[in-house]
Structure formats: structure tokens, C-alpha cells
1. Note down the nm distance, to one decimal, between modelled labels 7 Å out along Cα→Cβ at S97 and at N19.
2. R0 = 25 Å: FRET efficiency of T84 with T31, Cβ-based, nearest 0.05?
3. How long is the gain from S55 to A113 if the chain were fully straight, where each residue apart is worth 0.36 nm and the alpha carbon distance is subtracted?
Amino acid sequence: EYAFVSGATRRRATTADVNWEAMHPSASANTLTVAAGTTVTFTWTDNHDVWEFASEADYNSCNFAGAVEKASTSVQTVDVAAPTTAATTKYFGCAVSSHCEDGQKIAISWTDADGCLSTEEYQCDSNCDGSCDQC
């Protein structure tokens, strides 16, 4: 199965693929929203790596100080496990040469168990489970 589809009902753990190779270069911001429990798999063939930035500010400026390496250039695939059930956004980039500055970076947002992002206000929508105080 693949990532969150707007309007979907209850979702179970899934996987989502990120074609890391295709993001070099990128002219616009790369984002991905996936359901809680989704493992994201980065794959590539050329000379790339994957780092998790310490903050959104570091992501925006491609500052790798404090970033954590998730995969070296020799790996060419890495799974990023889903965070806890709380909604969160994590930021990733390639530290090879100027790849990050060329757009090879992505913000991945995991929804909470009810399908909400951390920045959303709770409201009933097509994902509502009957309790209107949460998604």
C-alpha cells in the first residue's frame, strides 16, 4: 500500500516510496504527507546520501550541522521508520556537493492516528470517526 489518500477512511501501517534520484535537481519544494505508521523508503542509483535535519530552519538553509546521517552514498536505499503516533514533520536532504541547494531535500509529514497533521485544527471531515472533537 502507499501513502495517505485524502478522504480515505481508517488506514493501517503502509509504506511510501521516495525516488530520491528524481529530486536532483528540483525546482520547487518537495513534500510528502503520509499516514501514521507509514515507513518511508528512499531509493537512488547515483551518488547521493540521506540526512535528517535538526530543524526546519536547517532544512530551509541546507545547514547539515547537527543533522543525522540516515544513509551514506554507498547504500542507495534506506527506510525511515514512522515516528510515534503523534503527528510530526521531519526534514531530509542530500549532503553531496550542492545537491541540497539544488533542491534534493524533502519535508515529510506524518499524520496522527486520526489523519490530522500537527498544524491542523481538529474538525470533522470525511475521516471523522464520530467524535467531532478530533479528526
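1. With each label placed 7 Å out from Cα toward Cβ, I get 2.0 nm.
2. That gives a FRET efficiency of 0.75.
3. 18.5 nm is the gain from fully extending S55 to A113.
Throughout, read-outs are computed from the coordinates displayed, never taken from laboratory work. Computed from a predicted structure; not experimentally measured. Cβ atoms come from the backbone with ideal geometry, glycine included; neighbour counts cover every protein chain shown.
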